[in-house]
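Notes follow the structure.
The values are calculated or read from the model by the stated rules, or taken from the named source; none is laboratory data. Model, not experiment: these values are computed from the prediction. As a convention, Cβ positions derive from the backbone with ideal geometry for all residues, glycine included, and neighbour counts pool all protein chains shown.
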Amino acid sequence: MMALSVSSVVKTLYFSGIDNRHGNNHNHNQSLKHNKPHSFSISASLNPSPYIPKTKPEQKQVYQPFRPPPSPLPSQYKTLDTAGRIEVLANRLGAWHQYAPLISSLIHEGFTPPTIEELTGISGVEQNRLVVGAQILESLQQSNTDPDVLDAFDTSGAEILYEIRLLSASQRSAAARYIVDNKFDGKDAQTLARAMKDFPKRRGEKGWESFDYTLPGDCLSFMYYRQSREHKNPSDARTSALEQALKVAITENAKNTVLEEMQGKGDGKEEEGDAVGRGVLVPVVRLKYGEVAEATSVIVLPVCKAENGEKEVKEAPFEIRSEGEFGVVAAEKAWGRWVVLPRWEPVATVGRGGVVVSFADARVLPWKVNKYYKEEAILVVADRGSTEVVADDGLYLAKVDGHDGLMVQRGSALKESGVNDSLGTVVLVVRPPRDDTDDQISDEEWD
């Protein structure tokens with residue numbers, strides 16, 4: 001058996017392609033070899049052969065994919081030709097972050113990821129990780145990251161560094177240190193990066209100010225702390241999330257906040273507030289892009305249009321359950337419109353009878369119009385299992401005389417009108433996602 005180098009294989013494939021393209025002229029070439037005595041030249045411009053078109057066919061505009069400029073090649077690879085670069089990649093000659101720029105150079109020359117995979121055995125996914133990982137490592141070097149952290153990624157680490165690509169330069173350096181100190185793998189690094197990226201967007205949520213956003217451990221702790229509030233209390237899932245939050249917390253404020261949640265002090269304060277008749281606070285949240293996909297737990301609810309009135313709300317399915325090993329969602333009746341939301345704490349408390357009502361204009365809500373006069377669509381989550389108008393400061397879904405559609409009213413306003421039963425208690429208001437996230441509406445900004 002004869003061993004062939006990668007360069008010889010590339011050349012063989014190239015010339016075999018030429019032979020195949022001219023395979024139809026094989027017999028003609030053989031006849032020329034037998035008629036050697038005469039030598040002549042052929043001019044394409046004068047040759048009247050019917051096989052050569054007289055007019056050049058019109059060149060069609062073909063889409064050319066964007067080819068990013070190649071990263072600077074290490075000095076030991078700059079003199080290599082194309083076949084030599086392919087051979088380096090095929091045999092993984094050198095450190096991963098040294099030969100990774102060769103992939104970009106090949107793509108710049110016209111090679112596609114599938115072609116590179118065929119010649120080198122490096123899959124398209126791995127190619128992307130190598131290229132991006134090398135760029136992240138270079139940015140860590142420019143950020144003066146500690147040498148011992150950089151050395152930890154010298155032999156391997158493309159998969160891990162790829163996961164922190166969306167973080168800022170300062171966040172990458174802190175995340176890399178945390179990853180090395182805690183011996184994280186790729187999945188752990190992905191979880192950490194998401195926690196750090198998501199933390200600033202959670203401003204205003206309970207306990208947020210107790211965690212330090214500059215510390216990866218606190219960002220990770222807040223993520224687990226927030227996830228614990230998506231589960232029922234008490235439950236094993238909630239306890240497990242809080243234990244993880246306490247384990248990774250760095251600052252004392254973060255640890256104390258998690259401990260208070262574990263001891264139930266936060267829930268006790270809320271119950272005491274309701275008992276003495278303090279104002280009922282309805283959260284208003286703005287949904288983030290990709291938040292549903294990243295949620296550890298979600299809820300599916302039927303949707304009604306406010307302009308369709310109370311009949312549609314009453315007809316919407318009351319019971320939605322999860323069935324079987326795959327968690328197939330089943331409803332008691334067919335329904336045309338549904339929405340999937342993260343299982344936030346207010347939504348998780350809603351049992352049988354949860355419904356979502358869509359309003360085309362957020363001004364239907366009783367907040368102070370002088371500061372938040374928002375002409376945008378909103379979703380109002382209501383609990384049809386709690387229809388009695390109890391709290392004066394509570395929000396209720398109701399049909400008000402003089403209005404064609406549904407309205408959101410304060411309990412005090414309904415009581416003044418002699419209304420004691422509503423269509424449901426409002427537990428959450430959801431605003432649509434936006435590219436520029438603004439601050440959440442604070443509790444005191446309700447009218």
Test: residue in segment 359-377 that is crowded, with 19+ Cβ neighbours inside 10 Å, under 18 Å from E291 (Cβ atoms), of a type outside the set (S, T, Y) and at pLDDT 85 or above: no
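Select from segment 96-143 the residues that are in a helix (DSSP H, G or I) and of a type in the set (F, W, Y) and write down the one among them that is surrounded by the fewest Cβ atoms within 10 Å (Cβ to Cβ).
Of all residues in segment 96-143, those in a helix (DSSP H, G or I) come to 96-108, 113-120, 124-142.
Subsequent filtering for residues that are of a type in the set (F, W, Y) retains 96, 99.
Working: W96: 19, Y99: 23.
Across segment 96-143, the extreme among qualifying residues is W96.
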Residue match in segment 76-83 (condition: of a type outside the set (A, V, I, L, M, F, W, C), in a helix (DSSP H, G or I) and at pLDDT below 80): yes
Output for segment 380-410, where each listed residue is under 11 Å from T425 (Cβ atoms), β-branched (V, I, T) and in a loop (DSSP other than H, G, I, E, B): T387, V389, V390
Qualifying positions in segment 144-186 - within 16 Å of D218 (Cα to Cα) and in a helix (DSSP H, G or I): S170, Q171, R172, S173, A174, A175, A176, R177, Y178, I179, D181
Checking A169 against (1) outside the structural domain of L93 (by TED's automatic domain parsing); (2) modelled with pLDDT under 95, the condition it does not meet: (1)
Any hit, segment 416-429, residues being of a type outside the set (D, E, K, R), modelled with pLDDT of 90 or more, part of a loop (DSSP other than H, G, I, E, B) and crowded, with 17+ Cβ neighbours inside 10 Å: yes
Meets criteria (touching a residue at least 24 places away in the same chain (Cβ under 8 Å), farther than 18 Å from E294 by Cβ and among the small types (G, A, S)) for G204: yes
Any pair with Cβ under 8 angstrom, 6 or more apart, that starts in segment 89-110 at a residue that is in contact (Cβ under 8 Å) with a residue 40 or more places away in the chain and ends at one that is part of a loop (DSSP other than H, G, I, E, B) and β-branched (V, I, T): A95/T155; W96/T155
Subset of segment 382-397 that is of a type in the set (D, E, K, R) and under 35 Å from the mean Cα position of the chain (by Cα) - its residue that is surrounded by the most Cβ atoms within 10 Å (Cβ to Cβ): D383
Those residues of segment 151-170 which are surrounded by fewer than 19 Cβ atoms within 10 Å (Cβ to Cβ) and within 20 Å of T214 (Cα to Cα), in sequence order: R165, L166, S168, A169, S170
In segment 177-222, residue surrounded by the fewest Cβ atoms within 10 Å (Cβ to Cβ) [restricted to those that are within 20 Å of E260 (Cα to Cα) and of a type in the set (S, T, N, Q)]: S210
